[in-house]
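The values are calculated or read from the model by the stated rules, or taken from the named source; none is laboratory data. Source: prediction; values computed, not measured. Please note: Cβ atoms are built from the backbone with ideal geometry, for glycine as well, and neighbour counts cover all protein chains shown.
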Amino acid sequence: MSTSTSIPASTSTARRQIPYQPRSSPSTTPFPYNAKDLEPMDDSPDEIFYSEPRFVTHIDDGAITALRSYFAEVLPTTEGSRILDMCTSWISHYPPQVEKAVEDGCIEVVGVGMNNEEMKYNKVLKENT
């Protein structure tokens, strides 16, 4: 028996479905790490590590491509939209249409990160913390 569910008209424009289906999930893919793998290599406080700016790319090119593709599907570019960029740095991996919407003043991006010096160089951030 097949049933279909529809979103009531009054809420269909208020909430947007994220068109993302993960290739794997915890129910289909075993967790590949053990407790030892998750132990910090350096047990000093994070504040020490992040006190100096590190202008490096923290993910590889494949991850950047996948992230930009995903962001192109789900992030808004319509007038008045706002994005909260969590764990940001000197660069955000947004697709060109999001960067253009920021440049044109259509959307705002606010960033939260660990190093203010790095975030000052992030061209899409309106403000940062």
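Evaluate region 52-65: report whether one residue or more is polar (S, T, N, Q) and loosely packed, with under 11 Cβ neighbours inside 10 Å.
Among the residues of region 52-65, not one is polar (S, T, N, Q) and loosely packed, with under 11 Cβ neighbours inside 10 Å, which makes the answer no.
Of the conditions (1) in contact with a Pro (Cβ under 6 Å, 6 or more places away or on another chain); (2) closer than 18 Å to Val112 by Cα, Thr57 satisfies every one except a single condition; which number is it?
(1)
Taking region 80-109, which residues are β-branched (Val, Ile, Thr) and at pLDDT 95 or above?
Correct list: Ile83, Val98, Val102, Ile107, Val109.
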